[in-house]
1. Restrict the check to the range 244-255 and report whether at least one residue is in contact with a Ser or Thr (Cβ under 7 Å, 6 or more places away or on another chain), of a type in the set (Val, Ile, Thr) and open to solvent by less than 50 Å² (accessible area, probe 1.4 Å).
2. Restricting to the range 58-86, name every residue that is on the phi < 0 side of the Ramachandran plot and modelled with pLDDT under 95.
3. Considering only the range 142-170, state which residues are open to solvent by 70 Å² or more (accessible area, probe 1.4 Å) and not small (Gly, Ala, Ser).
4. From (1) modelled with pLDDT of 95 or more; (2) in contact with a Pro (Cβ under 8 Å, 6 or more places away or on another chain); (3) not β-branched (Val, Ile, Thr), pick out the condition that doesn't hold for His179.
5. For Gly211, are the conditions met, namely being surrounded by 22 or more Cβ atoms within 10 Å (Cβ to Cβ), touching a residue at least 60 places away in the same chain (Cβ under 8 Å) and among the small types (Gly, Ala, Ser)?
6. Check off (1) open to solvent by 10 Å² or more (accessible area, probe 1.4 Å); (2) at negative phi for Gly190 and give me the number that stays unchecked.
Amino acid sequence: MVRSSSIQEISLFTRLALAMLVAAYAFALSDSAKAQQPYPEKSIRLIVPYVAGGTPDFIVRAIEPAVSSQLGQRLVIDNRPGAGGLIGTDLAAKSSADGYTLVLGGTSNFCILPALQARNKRFNVMEDFSHIALLAQAQLLVVSHPSLPANSVNELIKLAKSHPGKLRYASSGNGTTPHMLGELFKNVTGLNVQHVPYKGGPQAWTAVVSGEVELLIGQVQQAIPHAQTGRVRPYAVFGAKRSNSLPKVPSFSEAGIQGLEIAIWYSIAAPAKTSTEIVNVLNNAINNALSSSEVDARLNKGGLDILRSTPEEAARFTQSEIPRWADAVRISGAKVD
């Protein structure tokens, strides 16, 4: 005869076993549901490795509402300036490849910065990032405080040559695109003018508007309000053609100065090994945002030309630009001060 205590023990064991099976099944279902949850589940951080208020910041804030709408989650802009874009870019390169940390890339931090720091690179642009999409390209120009006695770029060159080492030009920082183009401008024209780096574009513009420095190399988008109100005098635009935003300002080519036909560009990337599925979701959202009439109008008004691409095209374009800008850095003689 089987004792009742034995039956109770078997019954208890059976209940425990069943409870464990149910718990395991529930856990598996929960795990499966999480795996099937569509990306993104939460807000996405976009690191901008420059100060707020400059052209890079303007671009991402112009597209943020449309991209956030496309993704169904907020794109949170995180300005991390310093060291010509190195601090923010390096932070992004070392972040998790889960699609929730992105970085604004472009000419300055993806091409010029690595060339300037060739012996001590903190990251490899092609190995440490998954390239998602191109955003826009912009032109730069040379301006002065209106008190400077030069009304054209050729008069400016003549004045600078008659006072070697006396004039100073502001840039948005060591190793940035304006710094490199300032040194290239000096190299091409044979000028001796001094570089004064600031923490960012807004600070550099404040310096030239106040007369703290005589000259500035900066982006057209930032020049528009100052030029229209006479607070600065624009001389010439880098690039093969005039800017639609400042049509009265000639290009260097038109002024008879060759070798300065250069435009800069911006993109968005993620840490390397971000999944193809996530990259494609982000690429689609960004391209749809760039196609909206509101974003198009805002960027064009800011002197920017929209670029669109697949992830593969963004990667190939970035790869092709790296040696081009490395050559430009070498020719310019630019160094991190």
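The values are calculated or read from the model by the stated rules, or taken from the named source; none is laboratory data. Bear in mind the structure is a predicted one, so any value in this text is a computation, not a measurement. Glycine also receives a Cβ, built like all others from the backbone with ideal geometry; neighbour counts cover every protein chain displayed. Keep in mind that these areas ignore ligands, DNA and RNA; they rest on the heavy atoms of the full protein, side chains included. Shrake-Rupley method; radii C 1.70, N 1.55, O 1.52, S 1.80 Å.
1. The answer is yes, given that some residue of the range 244-255 is in contact with a Ser or Thr (Cβ under 7 Å, 6 or more places away or on another chain), of a type in the set (Val, Ile, Thr) and open to solvent by less than 50 Å² (accessible area, probe 1.4 Å).
2. Residues satisfying the conditions are Phe58, Pro81, Leu86.
3. Pro149, Asn151, Asn154, Glu155, Lys158, Lys161, His163, Pro164, Lys166, Arg168
4. (1)
5. No.
6. That leaves (2) as the condition not met.
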